[in-house]
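Presented below is the structure to which this report refers.
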Amino acid sequence: MGLYANWLFPRLLDWMMAGEPFNHYRQQLLAEVSGQVLELGFGTGLNLAHYPEAVEALTVIDPNPGMAALARDRIAASPIPIQSYSLRGESLTLPDQSFDWVVSTWTLCSIANLDQALQEVRRVLKPGGKFIFIEHGLSPDPALQPWQNRLTPLQKRIADGCHLNRPIADIVSRHLPLERVETFYSEGMPKIGGYFYRGLAVKPTLD
């Protein structure tokens, strides 16, 4: 992956994502999570401080070894039982129907084959299980969309595969029914990368 992707970028991302408004969004998003939980794109473990006591066990995946190295101390300090794997979202070597919740925070932008990853999310969720996410993506502003499209190739190179132009809600809804989704421009962020999707999808009980 190279020195930048494997060493420098994880440290930059940890610094950029550790403060506000991201912690506020994490606290809001994770408050209802419980039971057996899978987190996609665990990164450096910034979500750990916001998981509620109702979480019984946490399985986390991230393919970047630099992220995993920075997450070790946070994992060691967490009261939650945690299993960590170096896996990509498109290929989860995890049992069918094994999680009550799957969590993704600012990860759907970076998965190379997002449709395949969401098929995997559906597979590993229990019937009635829930997929909760927050992500940046395609703005509804027709003046902004062309710039998101133009800059995405550069963004992918400097931000470990991150896309600026994914219509997140549309992609998720192809694989799981959306129970709720809200969209907004995040405070203090450039609009080109600050249009957020926050949502909850539920796997049907008969699947």
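Each value in this text was obtained by applying a stated rule to the coordinates, not by laboratory testing. Quantities reported herein were computed from a predicted structural model and do not represent experimental measurements. Every residue, glycine among them, receives a Cβ derived from its backbone with ideal geometry; neighbour counts consider all protein chains shown.
So for segment 2-202, Kirkwood radius off the Cα pairs, Stokes-Einstein at 20 °C and 1.002 mPa s: how many µm² s⁻¹?
126
Can you bin segment 59-110 into rounded, prolate or oblate? Criterion: square roots of the alpha carbon gyration tensor eigenvalues sorted a ≥ b ≥ c, rounded for a/c under 1.5, prolate for a/b above b/c, oblate for the rest.
oblate
Along the positive direction of the dipole of segment 1-67 (beta-carbon charges: Lys, Arg +1; Asp, Glu -1; about the Cα centre), which of 18, 29, 52 reaches farthest?
Among 18, 29, 52, the one farthest towards the positive end of the dipole of segment 1-67 is 18.
Based on the Cβ-Cβ distance of residue 191 and residue 6, what FRET efficiency does E = 1/(1 + (r/R0)^6) give at R0 = 35 Å, to the nearest 0.05?
Efficiency computed from Cβ-Cβ geometry: 0.70.
Taking the Cα centre of segment 2-202 as origin, work out the dipole magnitude from +1 charges on Lys and Arg Cβ and -1 charges on Asp and Glu Cβ, in debye rounded to 20.
Taking the Cα centre of segment 2-202 as origin, the dipole is about 440 debye.
Where does the chain land at 222 nm, in deg cm²/dmol rounded to the nearest 500, when only DSSP H runs of n ≥ 4 count, each adding -39500 (n - 2.57), divided by all residues?
One gets -9000 deg cm²/dmol as the mean residue ellipticity at 222 nm.
Which of 131, 103, 118 sits farthest toward the positive end of the charge dipole of the chain, with +1 on the Cβ of Lys and Arg and -1 on the Cβ of Asp and Glu?
118
So for 11, 123, fewest C-beta neighbours within 10 Å to most, what's the order?
Lowest count first: 11, 123.
Fewest Cβ neighbours within 10 Å first, please rank 101, 106, 15 accordingly.
Exposure proxy ranking, most exposed first: 15, 106, 101.
Hand me the tally of lysine pairs in the chain: alpha carbons under 30 angstrom apart, and the pair either on different chains or 8 or more positions apart.
So the count works out to 5.
Highest GNM mean-square fluctuation, the chain, Cα pairs closer than 10 Å: which of 118, 70, 164?
Checking each option, the largest mean-square fluctuation is seen for 70.
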